[in-house]
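What follows is calculated from the coordinates using simple rules that are stated; it is not laboratory data. Since the model is a prediction, treat every value here as computed from it, not as a measurement. When we count neighbours, we look across all protein chains shown, and the Cβ atoms used for this are built from the backbone with ideal geometry, even at glycine.
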Amino acid sequence: MSTNSDNRTADFADYSRRLQAVLAAENWDSTAALADAMFEAWVNRKRVYLCGNGGSAGNAIHLANDFLYGVAKDLGPGMRIQALPANGAVMTCLANDISYDEVFAAQLEVLGEEGDVLVVLSGSGNSPNVVRALEVGNKLGLRTFAILGYSGGRCKELAETPLHFAVDDMQISEDLQLVVGHMLMQTLYKRIKAHVESPAAASS
């Protein structure tokens, strides 16, 4: 009976071990740099843009909700944030009229301003549209970040600050995007609260 039970749960235990191993090996310096950039964006009312494909697109939309509202809640306005995959009309228009490779870059060309923050979410780091987003973000003077799995791909080279988790598993890579996003939400809530209660102390 116990052998049968072990066989049924082995995959779950293995997945958990692999996820925990990646988290335990991370030093979090790049995540702290992203937290700093997002806090500065909140203070200076700059905008934050998120983008990704498939599950990463879903994560971008999820996290935009957290940072728009949950990061500040009753403290005042949240982050000025936009998930670039969220508008289906815009996405299909740009994909049809220009190219799917340009669906994020074309939006940034219109919306992005120097000092804004771009966060790319990608497992491989090689999808042409997120690569183009980073190229345009860098050109416009945005602060560019990328949360990546596998080798990090081209995005690891292009992002000003890559958050790279060297794991060859798409599901764990996508889990880590949300883990990092939720870590950022909680730490930014604390920093925003401290800033609201004592601006001088929070900025020192």
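What number in nm² do you get for region 104-204 if you take the convex hull of its Cα atoms and divide its surface by four? Could the numbers behind the result be given before it?
On the way: hull surface 28.6 nm².
Value for region 104-204: 7.1 nm².
The list (1) 16.4, 48; (2) 17.9, 55; (3) 18.1, 62 gives values of Rg and Dmax of the Cα atoms in Å, and only one came from this structure; which label was calculated from it?
So the calculated entry is the one marked (3).
Cα-based count: Lys pairs in the chain below 23 Å, eight or more positions apart or different chains?
Value for the chain: 7.
List, largest first, the extents of the alpha carbons of region 65-109 along their principal axes, each in whole Å.
42, 18, 11
For region 1-100, what does the alpha-carbon gyration tensor say about shape, rounded, prolate or oblate, given a ≥ b ≥ c as the root eigenvalues, a/c under 1.5 as rounded, and a/b over b/c as prolate? Provide the component values of the computation, followed by the final result.
On the way: a/c = 2.52, a/b = 1.52, b/c = 1.66.
In terms of gyration-tensor shape, oblate.
Highest mean first, how do 136-142, 192-198 rank when packing is the count of other Cβ atoms within 10 Å averaged over residues?
Values: 136-142: 18.6, 192-198: 14.7.
Most protected by this proxy first, the peptides run 136-142, 192-198.
I'm checking a number: the convex hull volume of the Cα atoms of region 45-94, normalised per residue, in Å³. What is it? Present the calculation step by step, with values, prior to reporting the outcome.
Working: hull volume 3.6 nm³, N = 50.
Spread over its residues, the Cα hull of region 45-94 gives 72 Å³ apiece.
What helices in the chain pass both tests, a Cα length along the helix axis of 15 Å or more and a mean Kyte hydropathy of 0.0 or higher, using whole DSSP H runs?
Working: long enough: 2-25 (32 Å, -0.67); 29-44 (23 Å, 0.33); 55-65 (16 Å, 0.17); 128-140 (18 Å, 0.08); 170-197 (41 Å, 0.05).
Membrane-span-like by this rule: 29-44, 55-65, 128-140, 170-197.
Among 186, 20, 171, which one shows the highest mean-square fluctuation when the chain is modelled as a Gaussian network with alpha-carbon springs under 10 Å?
Per the Cα network of the chain with a 10 Å cutoff, 20 tops the list.
Return the percentage of antiparallel bridges among DSSP beta bridges fully within region 27-203, rounded to the nearest 5 %.
Numbers: 0 of 18 bridges.
Around 0 percent antiparallel, to the nearest 5.
If you average the C-alpha positions of region 96-137 and of region 74-90 separately, how far apart do those two centres end up, in angstrom?
Rounded to whole Å, the Cα centres lie 16 Å apart.
GNM, the chain, Cα, under 10 Å: largest mean-square fluctuation among 93, 51, 155?
93
P(r) of region 131-171 in 5 Å steps, Cα pairs, percent per bin?
6, 27, 30, 19, 12, 5, 2
Do you know the relative contact order of region 27-203, to the nearest whole percent, from alpha carbon pairs under 8 angstrom that are 6+ apart? Spell out each step's value before the answer.
Values: 327 pairs, mean separation 39.9, N = 177.
RCO, region 27-203: 23 percent.
Taking amide H atoms as placed 1.01 Å from N in the peptide plane, list the residues 5 or more away in sequence, or in a different chain, whose amide H sits under 5 Å from that of residue 50.
Excluding prolines and chain starts, which carry no amide H, the hits are 82, 83, 84, 119.
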